[in-house]
Amino acid sequence: QVQLVESGGGLVQPGGSLRLSCAASGSVSSIAVMGWYRQAPGNQRDMVALIVSAGGTNYIDSVKGRFTISRDNAKNMVYLQMNSLKAEDTAVYYCHAVVRGSTYWGQGTQVTVSS
C-alpha cells in the first residue's frame with residue numbers, strides 16, 4: 001500500500017509559476033513510476049508527466065519546456081514545477097504511483113490559472 005498526499009495548488013495568473021509536491025508513504029521502496037495527471041471539468045484524466053525510479057521522464061507535448069518533474073527518493077517526494085502557466089492548464093492535479101502493477105492516486109490539488 002502507498003499513500004500519496006499532494007500540496008502546492010492554488011490560483012495563479014497566466015505566465016506565473018507553481019510548484020506541486022507529492023509526499024509518498026507506505027511501501028515507497030517498491031514504487032516503480034511516479035507522476036502527475038490532471039483532470040479539467042468535463043474532461044478525462046490525462047497524464048501530464050511521469051518519472052521512473054531511474055530518473056527517466058516523459059511529458060505530454062503541451063507542457064514540454066514549461067513543466068519539470070523531479071523526484072527525491074530519499075524524502076519519498078515527487079515535484080512538478082510549472083512555469084509559464086496558461087489558462088488551459090487549469091485542472092485538478094493528481095499524484096500517481098505504480099507499485100507492483102497496482103496504481104495509487106492522491107486526493108488531488110486544484111490549479112487555477114486566471115487573471
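Just checking, how many residues over the stretch 75-89 are open to solvent by less than 40 Å² (accessible area, probe 1.4 Å) and not hydrophobic (A, V, I, L, M, F, W, C)?
The qualifying residues number 2.
Filtering the stretch 26-47 down to residues that are small (Gly, Ala, Ser) and either touching a residue at least 60 places away in the same chain (Cβ under 8 Å) or in contact with a Leu (Cβ under 8 Å, 6 or more places away or on another chain) (or both), which residue is least open to solvent (accessible area, probe 1.4 Å)?
Here the residue is 35.
Any idea which of 65, 56 is exposed (fewer than 11 other Cβ atoms within 10 Å of the Cβ), over 17 Å from residue 112 (Cβ atoms) and at pLDDT 95 or above? Can you show your working first?
Details: 56 fails: at pLDDT 95 or above.
On inspection, the qualifying residue turns out to be 65.
What are the residue pairs meeting all of these: first residue in the stretch 1-23, first residue free of Cβ contacts under 8 Å to residues at least 60 places away in the same chain and of a type outside the set (D, E, K, R), second residue open to solvent by 70 Å² or more (accessible area, probe 1.4 Å) and assigned to a strand (DSSP E or B), Cβ atoms under 9 Å, and 6 or more apart or on different chains?
21/5; 23/3; 23/5
Does residue 109 meet the test of being modelled with pLDDT of 95 or more, of a type in the set (S, T, N, Q) and open to solvent by less than 40 Å² (accessible area, probe 1.4 Å)?
yes
The values are calculated or read from the model by the stated rules, or taken from the named source; none is laboratory data. Worth saying up front: this structure is predicted, and the values here are computed from it rather than measured. For neighbour counting, all protein chains shown are included, and Cβ atoms are generated from backbone atoms with ideal geometry for every residue, glycine included. Each accessible area value is taken on the protein alone, full model and side chains, heavy atoms only, with ligands, DNA and RNA left out. Shrake-Rupley method; radii C 1.70, N 1.55, O 1.52, S 1.80 Å.
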